[in-house]
Ligand code: DGP
């Protein structure tokens, strides 16, 4: 029936995971595969370095400027909030969004500097809640084999281990934990299956808000 087709919304699908777990590669492949299956899909990356806020974040990550830990935390958060109107519009038009990092990275990274986790979560309360979170895991020795860390801030193993611990605290029951230590194609097949299921399931569900004030 055409009226129900028109009202079907897209799914909000987030990929999180440790660095070098292949999130970006998998996000791009997933968008293409969903399109091949006749679904409307678009890639969203956080941080989005193309906006004014994103360009400050880019300078910060490249060690070109210094900012108070909480100030940069709020900019990462604002960088997600500034995308919300576009995200809501696309979702309501039936486009599924494949999101490379989200508020979970926001909290996991800032809290790894020693800031209180609840305080870190505060600025992201109320963002659109993902319909599906896929968390890619990779043992640190496997991540190290894939490529050397570059010169960006945060690219150190001890820091990344703290980040991984924080992700464990943030993990919710319905997250799909996927071992990234497989070939690109094997991983893609698994992720596509999870995503197709989410696209079907989410189409007539309301979009809920992320987290709550406690
Ligand atoms: P990427 O462009 O995905 O490589 O991410 C750049 C770096 O920024 C990466 O080390 C993870 C980190 N990052 C991503 N989102 C956030 C955030 O919201 N807050 C903080 N503090 N760091 C983040």
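Some points to look at:
- For the stretch 188-206, the criterion of a residue being modelled with pLDDT of 95 or more, closer than 25 Å to residue 70 by Cβ and touching a strand residue (DSSP E or B) at 6+ places or on another chain (Cβ under 8 Å) is satisfied by no position.
- Out of 67, 74, 43, sole residue that is assigned to a helix (DSSP H, G or I) and either on the phi < 0 side of the Ramachandran plot or surrounded by fewer than 16 Cβ atoms within 10 Å (Cβ to Cβ) (or both): 74
- Every residue from the stretch 115-138 that is in contact with a strand residue (DSSP E or B) (Cβ under 9 Å, 6 or more places away or on another chain), over 28 Å from residue 85 (Cα atoms) and surrounded by fewer than 20 Cβ atoms within 10 Å (Cβ to Cβ): 137
- In the stretch 85-103, the residues that are part of a strand (DSSP E or B) and within 9 Å of the ligand (Cβ to nearest atom): 100
- Just one of the listed residues (186, 152, 197) is surrounded by fewer than 16 Cβ atoms within 10 Å (Cβ to Cβ) and under 30 Å from residue 62 (Cβ atoms), and it is 152.
- Being touching a strand residue (DSSP E or B) at 6+ places or on another chain (Cβ under 6 Å) and free of Cβ contacts under 8 Å to residues at least 60 places away in the same chain holds for only one residue in 34, 43, 15, 74, and it is 43.
Yes or no, residue by residue, for (1) on the phi > 0 side of the Ramachandran plot; (2) modelled with pLDDT of 95 or more; (3) assigned to a helix (DSSP H, G or I):
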position: 3; (1), (2), (3): no, no, yes
position: 10; (1), (2), (3): no, yes, no
position: 13; (1), (2), (3): no, yes, no
position: 16; (1), (2), (3): no, yes, no
position: 20; (1), (2), (3): yes, no, no
position: 26; (1), (2), (3): no, yes, yes
position: 29; (1), (2), (3): no, yes, yes
position: 34; (1), (2), (3): no, yes, yes
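The values are calculated or read from the model by the stated rules, or taken from the named source; none is laboratory data. All values derive from a computational prediction rather than experimental measurement. All Cβ positions, glycine included, derive from the backbone under ideal geometry; neighbour counts span all protein chains shown.
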